Amino acid sequence: MAKKKVVEIYTDGACSGNPGAGGWAAVLLYNGHRKEISGADANTTNNRMELTAIIEGLKILKEPCKVTIYSDSAYSVEPFLKNWIDGWIMRGWRTASKDDVKNVDLWQELLSLMQIHEVNYIKVKGHADNELNNRCDQLARAAIKQSEIAQAKSTLTPITQIPNDV
């Protein structure tokens, strides 16, 4: 059996309003190579963007890998580090306090990707001295701006006919 490639993925999600326009980003590192990806959603939450960043980072991998995810999102990391996810599943996607787990669609997609890849999570301090976490934050915020600009352009009414007296 071939040895799995070792990949590091730094991720971040951001929101302008919560809910509001959101962006996500991931920086993937493998064998001296670096790839940056990002995207946006016009109406979402910060937590959805944090999970989306991890999901998109894993989805871009072309083969099963050994992956370390670095995230400043306690929401995304602690369910794995503290084994909450297992309890959620056993309780039919309910928390220990019997509340519905939010963003079940994304948690399930992430778990599906974790069947392919061997994933480890590391919580990093956000907006601190972690260069790649800060880069993800920049990319996610830039994705929000690009999305907002595109949204504004799409709502402009085009002039289809110019009157003769103009």
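A few remarks follow.
- Single unsatisfied condition, S97 versus (1) at pLDDT 80 or above; (2) closer than 30 Å to R34 by Cβ; (3) among the polar types (S, T, N, Q): (2)
- Cβ pairs under 9 Å, 6+ apart, first in region 90-107 and loosely packed, with under 10 Cβ neighbours inside 10 Å, second not in a helix (DSSP H, G or I): K98/R91
- Hits in region 30-41 (condition: closer than 13 Å to A140 by Cα and surrounded by fewer than 21 Cβ atoms within 10 Å (Cβ to Cβ)): E36, I37, G39, D41
- Tally, over region 1-25, of residues that are free of Cβ contacts under 8 Å to residues at least 40 places away in the same chain and either among the hydroxyl-bearing types (S, T, Y) or part of a strand (DSSP E or B) (or both): 2
- Matching residues, region 49-69, being of a type outside the set (V, I, T) and surrounded by fewer than 22 Cβ atoms within 10 Å (Cβ to Cβ): E56, K59, L61, K62, E63, P64, C65, K66
- Flag not set for N134, criterion: surrounded by 11 or more Cβ atoms within 10 Å (Cβ to Cβ), in contact with a strand residue (DSSP E or B) (Cβ under 8 Å, 6 or more places away or on another chain) and either without any contact (Cβ under 8 Å) to a residue 24 or more places away in the chain or not aromatic (F, W, Y) (or both).
- Options H117, H127; residue that is in contact (Cβ under 8 Å) with a residue 12 or more places away in the chain and surrounded by 13 or more Cβ atoms within 10 Å (Cβ to Cβ): H117
- E50 vs. criteria over 11 Å from the mean Cα position of the chain (by Cα), of a type outside the set (S, T, Y) and at pLDDT 95 or above: no
- Any chance N47 is of a type outside the set (A, V, I, L, M), within 19 Å of I122 (Cα to Cα) and free of Cβ contacts under 8 Å to residues at least 60 places away in the same chain: yes
- Apart from one condition, I162 fits all of (1) at pLDDT 95 or above; (2) in a loop (DSSP other than H, G, I, E, B); (3) among the aliphatic types (A, V, I, L, M); the exception is (1).
The values are calculated or read from the model by the stated rules, or taken from the named source; none is laboratory data. Being a predicted model, the structure only gives us computed values, none of them experimental. Note that we place each Cβ from the backbone using ideal geometry, even for glycine, and neighbour counts take in every protein chain shown.
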